[in-house]
Amino acid sequence: MASLDPAVIVLAGITLLAAIVNGALGYGFSSLTVPVALVFYANRVLNPAVVIVEVFVNLYVLFINRESVPAVWKRVFPILIGLLPGIAVGAYLLTSLHPGWIKLLTYTVILPLILVQAAGRRRPIRSERLIGLPFGTALGILYSVTTISGPPLAILFNNQGLVKNEFRAAIALIRVAESSLTAIVYYQLGLFVAESQNILWVIIPCVLVGIPVGAYLIRRLDSETFRRICMSFDAWVVGFGLSRVLIELNWMESPWAYSVMAAAILLDSYLLYIFFAAPRPALGRSQTLAAPGHQRGP
């Protein structure tokens, strides 16, 4: 069992928060957990523990949204095929690259995706099947290196206008496949070391508590507002992590490296202001549930 040092306490806190978010929205566990945990752990130690947890978390999300699977499986099938080579390439990179470079890759890819999602820009893609295979390959590389795929998936499926349950079913299908395949590849590469197992024992109880709490809370909160606040937290944390890794790689010195975090916070604060300043119709509970916009993916 891992000792109660500051890293373990922070890991427990962030995984509990991430599990609450995942229970509420159907995704977000790794995209919240990993940026914070990378401050204390290398990807090749953290990833195997996160992947094992995500296999079961995603199976749970898929089970509760199983009725919507027939409506989306044909749309996600090309993405599932593309995952196979992507995960193989990403796992190889994970074992080959320096941990600092992997952290840099994680933060620099995720931060723009979070900010694009926060901006709420949508432009539906007409040739959805054509982009499925290359998108799946890129997603497989990203996931097997970082265990994060929620932001690009949320951008794609929100952009394509999936309704709420279809949105969750589509994400769950893909994430069950990518987490299961990645776990198998990690096992073959011998990445399940003792330190990863210690991390796993910290994460499991937090997930068991957090997911039902999130499912309970989202019934009493506006899901879009909750989602937007979570994105802001994520953007600020990723900005901090990126600043830290720039110092670690000797690319920038402190305190100048934290200008990256400050820029991320300023940009997200502007987007957050736009979000809350936008006029919102005052709807009663029954009207809100019936409103077409409310049924979009979170």
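The convex hull of the Cα atoms of region 19-137, projected and averaged over all directions, covers 8.5 nm².
The mean sequence distance of close C-alpha pairs (under 8 Å, at least 6 residues apart), as a share of the length of the chain, puts its relative contact order at 32 percent.
Along its principal axes, region 50-97 has C-alpha extents of 41, 25, 9 angstrom, given from the largest down. The residues F135, F240, F40, sorted by heavy-atom accessible surface at 1.4 Å with ligands and nucleic acids left out, run F40, F240, F135 from largest to smallest. Protection proxy ranking for 251-264, 14-27, using the average of other Cβ atoms within 10 Å per residue and placing the highest first: 14-27, 251-264. Look at the dipole of the chain built from charges on Cβ: of L93, G241, L181, the Cα furthest out on the positive end belongs to L181.
Once you sort the root eigenvalues of the Cα gyration tensor of the chain as a ≥ b ≥ c, which label holds: rounded (a/c under 1.5), prolate (a/b larger than b/c) or oblate (the other case)? Rounded shape, in that the Cα axes give a/c under 1.5.
If exposed means no more than 11 neighbouring beta carbons inside 10 Å and the site is in a DSSP loop, what's the longest run of the chain without any exposed trypsin sites (Lys or Arg not before Pro)? In short, 1-120. Annotation: amide H-H contacts under 5 Å for M252 (H modelled 1.01 Å from N, sequence separation of 5 or more, or interchain): I247. Ligands, DNA and RNA excluded, the heavy atoms of V61 present near 10 Å² of accessible surface to a 1.4 Å solvent probe. Ignoring everything except DSSP H segments at least 4 long, calculate the 222 nm mean residue ellipticity for the chain; use -39,500 (n - 2.57) per segment, divide by total residues, nearest 500. Theoretical 222 nm ellipticity from helices: -26500 deg cm²/dmol. Accessible surface of E128, taken over heavy atoms with a 1.4 Å probe and every protein chain present, rounds to 40 Å².
Which helices of the chain meet both criteria: a Cα extent of 18 Å or more along the helical axis and a mean Kyte-Doolittle score no lower than -1.0, with helices taken as whole DSSP H segments? What comes out of the filter, once short or polar helices are dropped, is 6-25, 43-64, 69-96, 99-119, 128-146, 164-188, 194-217, 223-248, 258-277.
The values are calculated or read from the model by the stated rules, or taken from the named source; none is laboratory data. Note that the structure is a prediction, hence the values are computed from the model and not measured. Here Cβ is always computed from backbone atoms with ideal geometry, including for glycine, and neighbour counts include all displayed protein chains. In case anyone asks, the SASA skips ligands and DNA or RNA and just uses the protein heavy atoms, side chains included. Shrake-Rupley method; radii C 1.70, N 1.55, O 1.52, S 1.80 Å.
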